[in-house]
Each structure stands twice: as structure tokens, then as C-alpha cells.
Amino acid sequence: MERFVADQLEEGPGTALRIYKEIWQQGATSVAEMGTVRRELRERLDEVSTIATLELARRLDSTDGSIKFLWRLRDGAIVESVLIPDGQRVTLCMSSQVGCAMACTFCLTGDLGLKRHLDPAEIASQPLQVQRLLPSDMRITNLVLMGMGEPLHNLRNLIPALRICLDDHALNYSHRRITVSTVGLVPQLAELAMALPVNLAVSLNASTDAQRAAMMPVNRRYPIAALLDGCRRLPLPSGKRIAFEYVMFAGINDSLDDAQRLLELLEDVPAKVNLIPYNENPDRPVLRRPSDEVVKGFQHFLINRGMGCTVRTTRGLDISAACGQLGKAEAAAMQAVPGPAR
Ligand code: SF4
């Protein structure tokens, strides 16, 4: 921003900061709205720039209060963000890529393949634009990078996007309220942990390599032992734990033997476990959701042995906004989008 303002407007860092705050604090969508910038500068800025915003393509409201926002990007690609209000906590689940290259077998976004990475502004604009659409008494309190895409596969754009989310001249979220979820790209996980103190979540989803490799191709590159070894070495602040996400599939990874192996795997890792009962989908008829009793039994087994463990409540099923369902509506819209740009 500073270089652009110096090159194009021959103005100093003070003007750059004013423009930056107009965009990221005030949510200006046009130069004309930038009331803190002199009129003559606005006119020059208008000649040399446009403010790219996300265009709302569709909004879907769930009966449970969650809301899915579909955004059309400048090349016509569609991505989505999901708002999940829960009392005082209002979480926005954000996307980091158009499609995803990781090909997890249980995930509809994986079916799309990777179309392209989102740029920093396309990532950071999601909370900005959703906030503008909410009632004035509702504020997004938490951001999670768990939507479409593998955030750490797009680390070079994710880090500047997160800096905008954290910056008190911009979106001003606390690092305690931002969580980045990954399938476990080990080197990038370390890079992120060294760059920013955000919360980390790792999709483990299995208690053996055979189970994990069958559903997550990334396991061939980073088997469980390598992944957990990487997690043990992360420079985490004291007291901070990594959330291990464990999607539960009936008859596949939901037994108490799995729970016991999970405990052994996570020994010496600063860990807590988040169980996610699988959301059944007609596109994956062989995958079934375990009963509530099985999920509870698994949770209690872990808790009784000292492992922090929560069960994620399913939200947004009726609007295909629940975990692993993102991408259905986007598939048709994206057919015209060109292939991956890495
Ligand atoms: S679960 Fe996440 S990483 Fe895996 S294919 Fe889906 S979006 Fe990609």
C-alpha cells in the first residue's frame, strides 16, 4: 500500500495508512466513500485504482440460524463463507482456495480439485463483507479457516490475509479468536506457527496410517508419526494446545480401540480432540454417521483418561454448509473457471 501510494500519488505513509483504514476498517467499497482522504487525492486515486470487493452471489439461511454466503470473484469463480451464530459467539468459517487439491475422500470440496488460490484480499474480505451484511448488534467474534481449500497450501497469501485480520488498523481480531485448520502440511504448519500465534487445528481423522491414507491422500506424504512429530516441535506459547479434528465414520474409526490408539498417538503432544460426527451425504453412500451413543462413548473414553475432548454440533445441514459439504452449489458455477494456478 505504501509503495503504491508513493508511486501513484506521490504521498507519504500517513496517506497510505488513511486509505488502508478506509478500506479495512471502514469497509469503503469505492474511493468516493473515503471521507478522510482529500478530495483532490480521491480523484487521482480513482483514476489509478479500483477497490475489488466480493460480490454476493447468493445467501442461504439455515433453520438453525447459520448462514451460507456464496461470493462471486472477479474471474467468475464462486467461494463461500459460513456464519455460525452460537449465543455470544459468532463464528465465520472462511475459504482459502477455489476448490481444493487435497482430495480427502469424504469431502465434496475435494471433488472440485484446485481451481486457484484466493489472494490475501479475497480471504480477508470475507469477514469484512459478511460483517456489513449483519445487523448492527451482531459482531463476528471468531474466524476459522475451515471452509473451501487447504489454507496451508496457500500460505503465501494466507499470512498477509491473517495480518489484515489481526491488524488494529484493519479488522482487529485477537489471535486467540482465529483458528487455522489443516490436513497436516508439516513444513507449512511450522512456518505458520513461527509467523503468527493463531490457533491451530489439525484434521487427524484416523488412529492408523491405513485408515488415514484411505481417506486422506496427504497421509502418503506426511504419515501420522511425521505429522505428530512436527506438531511436537511447533513453537507454541505455553498452555496452548493444538485441536485435533477427528471426523467419525461408523464402523471405520469409531471404536474404543481407535480411541485408545488416539490417546497413545497424542501422548506428549499439546493436544485436545474435537470429534465431528460425519454428515451423511448421498454422494458418499458407504460412509455413515455413528450413533450419538457411540460418539458419546468415544468422547467419555478420552475425557476419562485426561484428554480434553469436545463434540462439534452439526450446523447448516439444510443449506449444505456443514463440514465436508461445501462446494456442491459451486461446482456448476465453476465449470468455466480455468485450471490451477500455483
Ligand atoms: S477436507 Fe479440507 S483439505 Fe480435505 S479436500 Fe476438503 S477442503 Fe480440502
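Here, each number is a calculation from the coordinates, and none is a lab measurement. On a predicted model such as this, the values are computed, not experimentally measured, just so you know. When we count neighbours, we look across all protein chains shown, and the Cβ atoms used for this are built from the backbone with ideal geometry, even at glycine.
Structure values in brief
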{"item": "Helix axis angle, 292-304 relative to the chain longest principal axis, alpha carbon, degrees", "result": "90 degrees"}
{"item": "Mean separation of Cα contacts under 8 Å, 6 or more apart, over the residue count of the chain: relative contact order %", "result": "16 percent"}
{"item": "Inter-label distance for ALA250 and THR105, nm, one decimal - labels placed 7 Å from Cα along Cα-to-Cβ", "result": "1.8 nm"}
{"item": "Positive-end residue, the chain charge dipole about Cα centroid, Cβ charges, pick of PRO290, LEU128, GLN97", "result": "PRO290"}
{"item": "Pairwise FRET efficiency - SER136 versus ILE303, Cβ, R0 = 30 Å, nearest 0.05", "result": "0.15"}
{"item": "Efficiency of FRET between ASP229 and ARG163 - r from beta-carbon atoms, R0 25 angstrom, step 0.05", "result": "0.30"}
{"item": "Among SER207, SER49, SER81, residue whose mean-square fluctuation peaks in a GNM of the chain (springs only between Cα atoms under 10 Å)", "result": "SER49"}
{"item": "Amide H contacts of ASP254 (H built 1.01 Å from N, under 5 Å, at least 5 apart or other chain)", "result": "PHE249"}
{"item": "Total charge dipole magnitude, the chain, about the Cα centre, Cβ charges on Lys, Arg, Asp, Glu only, Debye to nearest 20", "result": "320 debye"}
{"item": "Nearest 10 degrees, 0 to 90: helix 39-48 Cα axis against the chain principal axis", "result": "60 degrees"}
{"item": "Euclidean distance of C-alpha centroids, segment 147-224 and segment 258-304, integer Å", "result": "20 Å"}
{"item": "Long-range amide H partners of ASP86 with built H, under 5 Å", "result": "THR91"}
{"item": "Size of electric dipole in segment 237-306: Cβ of Lys, Arg +1 and of Asp, Glu -1, about Cα centre, debye, nearest 20", "result": "220 debye"}
{"item": "By average C-beta atoms within 10 angstrom, highest first, the peptides 99-108, 30-39", "result": "99-108, 30-39"}
{"item": "Mean-position separation - Cα centroids, segment 110-131 and segment 21-88, in angstrom", "result": "12 Å"}
{"item": "Dipole moment magnitude, nearest 20 debye, segment 67-162 about Cα centre, only Lys, Arg, Asp, Glu C-beta charged", "result": "160 debye"}
{"item": "On Cα atoms only, tilt of 120-133 relative to the major axis of the chain in degrees", "result": "90 degrees"}
{"item": "Amide H partners (placed H, <5 Å) of GLY113, local residues excluded", "result": "CYS100"}
{"item": "Phi-based couplings in Hz for segment 172-178 (Karplus 6.51, -1.76, 1.60; Gly and Pro marked x)", "result": "6, 8, 6, 5, 6, 10, 10"}
{"item": "Candidates ILE23, ILE51, ILE159: whichever shows maximal mean-square fluctuation once the chain is modelled as a Gaussian network with Cα springs under 10 Å", "result": "ILE51"}
{"item": "DSSP bridge pairs, the chain: antiparallel proportion in percent, nearest 5", "result": "45 percent"}
{"item": "HN-Hα J in Hz across segment 88-93 - Karplus 6.51, -1.76, 1.60, θ = phi - 60°, x for Gly and Pro", "result": "6, 8, 10, 9, 10, 8"}
{"item": "Modelled FRET efficiency - R0 25 Å, THR310 with THR63, Cβ distances, 0.05 increments", "result": "0.60"}
{"item": "Cα-based radius of gyration of segment 53-333 once divided by 2.2 N^0.38 Å, which approximates compact folds", "result": "0.95"}
{"item": "Those residues of segment 1-29 whose amide nitrogen sits under 15 Å from the label point placed on GLU40, 7 Å along Cα→Cβ", "result": "9-12"}
{"item": "Selected from PRO285, PRO127, PRO151 as most flexible by GNM, with the chain as the system and alpha-carbon contacts under 10 Å", "result": "PRO285"}
